[in-house]
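First up is the structure itself, then whatever we jot down about it.
The values are calculated or read from the model by the stated rules, or taken from the named source; none is laboratory data. Just so it is clear, the model here is predicted, and its values are computed rather than measured. Glycine also receives a Cβ, built like all others from the backbone with ideal geometry; neighbour counts cover every protein chain displayed.
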Amino acid sequence: MDRQQLADFLKTRRAALKPRDVGLPEGSRRRTPGLRRQEVAQLAGISVEYYIRLEQARGPKPSRQVLGALARALMLVHDERAHLYNLADERPDTSAANREVPATIRNLLAGLDDFPAYAVNAAYDMVAWNPLADRLMGWLSMLSPEQRNILRSTFSGSNVAAVLADSAYAGFVRQCVADVRASLARDPADAVLRALVDELLRSSPEFGELWADHEVRVRSGQTKRVVHQEYGPLEFDCQVLEVPGSCYRVIFYVPQPGSRTAEVFATMAALTQVTAETSGRIS
């Protein structure tokens, strides 16, 4: 742990905050800008003496709980929070990031009309999607959060054997499991991801067999072929966009221009638009 770097970082972040930023009165007797040490300690729920020692580079290594409290008290953004944890020789806590979808991702999906697209976190929860993906995948908005987890729905269903017997889909599932192992190695403190792996190891022998292979492979794009219940065979490129500074990825289904799948997506998009306009008139 680099105590001096940690001390300097805490001091500069404290100085960058104004009392009104954290709901405190400005007062008229402040000699320096920023928060007082006592105020940061109070906001973080730690003793003033302990915080002073941290800023003087002579305190003990802070626990993960203290680091989290300091990050909230100092209103650190994602990158600053990760830096704070790294200075204390702790892995950044990303479990909160799995639950909070950035508005930018939601806005991106809302403005995308031509291709089905959705966002997943490291645990393969489908956390946001556009209307075309909702229609293509059988109305995601009507499913529970547990049902919208790609791995859980794959390995917890009654037709796991049939799913894995399909060589094309089995390859996709194997890649997902290998990607989860890579994510967990990068951040073993991710509580959401760890809980999912533990759950599937208890409930699914098929998942356990794939997990025991110790394959590691970061998710990448691939060509997918599916048979849709209403529209029949579809083929499209599955493109994966990493969202920097987060645990999220946006996945786009992109057909070849002029293909039958492109025509199907265009038809579905038109139907989705009509449905939205009708709902708007009714409401």
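Quick notes on this one:
- For region 151-168, a residue qualifies if it is among the hydroxyl-bearing types (Ser, Thr, Tyr) and surrounded by 12 or more Cβ atoms within 10 Å (Cβ to Cβ), and the qualifying residues are 153, 154, 156.
- All of 161, 170 fail the test of being over 30 Å from residue 107 (Cβ atoms), in contact with a helix residue (DSSP H, G or I) (Cβ under 6 Å, 6 or more places away or on another chain), part of a helix (DSSP H, G or I) and aliphatic (A, V, I, L, M), apart from 170.
- Sole exception among (1) under 31 Å from the mean Cα position of the chain (by Cα); (2) outside any helix (DSSP H, G or I); (3) not small (Gly, Ala, Ser) for residue 25, by number: (1)
- For region 45-70, a residue qualifies if it is closer than 18 Å to residue 3 by Cβ, aliphatic (A, V, I, L, M) and in a helix (DSSP H, G or I), and the qualifying residues are 52, 54, 66, 67, 70.
- Only one of the listed residues (163, 127) is β-branched (Val, Ile, Thr) and within 20 Å of the chain's Cα centre (by Cα). That residue is 127.
- If you filter region 79-109 down to residues that are of a type in the set (Asp, Glu) and either more than 16 Å from residue 247 (Cα to Cα) or surrounded by fewer than 18 Cβ atoms within 10 Å (Cβ to Cβ) (or both), you find that the one that is modelled with the lowest pLDDT is 100.
- Check on residue 237, under 22 Å from the mean Cα position of the chain (by Cα) and modelled with pLDDT of 90 or more: no
- Verdict on residue 237 being charged (D, E, K, R), within 19 Å of residue 129 (Cα to Cα) and without any contact (Cβ under 8 Å) to a residue 60 or more places away in the chain: yes
- Residue under evaluation residue 261, criteria (1) at pLDDT 85 or above; (2) assigned to a loop (DSSP other than H, G, I, E, B), criterion not met: (2)
- Among the residues of region 103-117, those identified as out of contact with any Leu (no Cβ under 7 Å at 6 or more places or on another chain) and either outside the structural domain of residue 267 (by TED's automatic domain parsing) or not in a loop (DSSP other than H, G, I, E, B) (or both) are 103, 104, 105, 106, 107, 108, 109, 110.
- Pairs, first among the basic types (Lys, Arg) in region 185-200, second surrounded by 15 or more Cβ atoms within 10 Å (Cβ to Cβ), C-beta under 8 Å, six or more apart: 194/184
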